[in-house]
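The values are calculated or read from the model by the stated rules, or taken from the named source; none is laboratory data. Since this is a predicted model, take the numbers as computed values, not measurements. For neighbour counting, all protein chains shown are included, and Cβ atoms are generated from backbone atoms with ideal geometry for every residue, glycine included. The area values use the complete protein model at the heavy-atom level, side chains included, leaving out ligands, DNA and RNA. Shrake-Rupley method; radii C 1.70, N 1.55, O 1.52, S 1.80 Å.
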Amino acid sequence: MAVVGVLALQGSFNEHIAVLRRLGVKGVEIRKPEQLHNLTSLIIPGGESTTMAKLAEYHNLFPALREFVKTGKPVWGTCAGLIFLADKAVGQKIGGQELVGGLDCTVHRNYFGSQIQSFETELSVPVLVSKEGGPETFRGVFIRAPAVVDVGPGVEVLAEYPETAVPEKKVIVAVKQGNMLGTAFHPELTADTRWHSYFLKMGSDALVEASTSIVQVGVDQNVDEKPRIDLPVYQ
């Protein structure tokens, strides 16, 4: 049975767990490193990113979170969670914050402004419609939201939104790289469950890959072992 962990330090973790429950999936609150064991996948929710980072540091979660990312299991960051997963973040408070990293992108914290500048809008997300069906657009809830201002070559852009000052220019608000997913908005605050369903299928695909890659004892696979690539530590 799929067990999805939701980082429960601060923010909208309860809302994510409620959506998972609606989809018939067990969601568990994660606050300690040892709770990351035996998870199918992990969601890092929205909230106040600096506060979440301080609490994660206090509970010594960053090393365990980075190790989880290295496993290749699906990880999804929404809003503040997207900031956590980015390799680089700009527009931060003095002193910055520690990041988990893994997503080859640069995120601008509070790109869309302060709390009073939060908004909702219809987003075009072709991959979501293709994979999950339903309406042609998704209602994006942006609360003091970040945005992706730069991506690496291996990052797939899933959704963009016109900039306020320059409408003909668009900024990235959803990305995917391998089994890592990032959204600048809050799908858990809507009645539309398609983003969660899309993420859960990423977890199912990972389980299938893991089961088909099991090596039988005593069988020479004659495969050259590739060197392990460790993720950098972001301060």
Q: Report yes if L85 is in contact with a strand residue (DSSP E or B) (Cβ under 9 Å, 6 or more places away or on another chain), among the aliphatic types (A, V, I, L, M) and closer than 22 Å to N14 by Cα, otherwise no.
A: yes
(Q) Let me confirm something: among K54, K32, K88, which residue is farther than 19 Å from A191 by Cα, charged (D, E, K, R) and in contact (Cβ under 8 Å) with a residue 60 or more places away in the chain? (A) K88
Q: Restrict the check to segment 71-79 and report whether at least one residue is without any contact (Cβ under 8 Å) to a residue 60 or more places away in the chain and within 29 Å of R194 (Cβ to Cβ).
A: yes
Q | Evaluation of G140 against (1) more than 14 Å from H108 (Cβ to Cβ); (2) surrounded by fewer than 19 Cβ atoms within 10 Å (Cβ to Cβ); (3) not hydroxyl-bearing (S, T, Y) (one fails), failing number | A | (2)
Q: Kindly provide the set of residues from segment 143-174 that are surrounded by 14 or more Cβ atoms within 10 Å (Cβ to Cβ) and either in a loop (DSSP other than H, G, I, E, B) or small (G, A, S) (or both), ordered by number.
A: I143, R144, A145, P146, A147, V155, A159, E163, A174
Q. What number of residues within segment 118-137 are in contact with a strand residue (DSSP E or B) (Cβ under 9 Å, 6 or more places away or on another chain) and either surrounded by 16 or more Cβ atoms within 10 Å (Cβ to Cβ) or part of a helix (DSSP H, G or I) (or both)?
A. 6
Q) In the set K88, K70, which member is under 19 Å from G178 (Cβ atoms), open to solvent by 10 Å² or more (accessible area, probe 1.4 Å) and touching a Cys at 6+ places or on another chain (Cβ under 8 Å)? A) K88
Q. L7 versus (1) open to solvent by 10 Å² or more (accessible area, probe 1.4 Å); (2) within 21 Å of A145 (Cα to Cα): which is the lone unmet condition?
A. (1)
Q: Determine if segment 96-104 includes at least one residue that is buried (at least 23 other Cβ atoms within 10 Å of the Cβ), β-branched (V, I, T) and not in a helix (DSSP H, G or I).
A: yes
Q.
Restricting to segment 10-29, and then to whatever is in contact with a Pro (Cβ under 9 Å, 6 or more places away or on another chain) and touching a residue at least 40 places away in the same chain (Cβ under 8 Å), can you tell me which residue is surrounded by the most Cβ atoms within 10 Å (Cβ to Cβ)?
A. H16
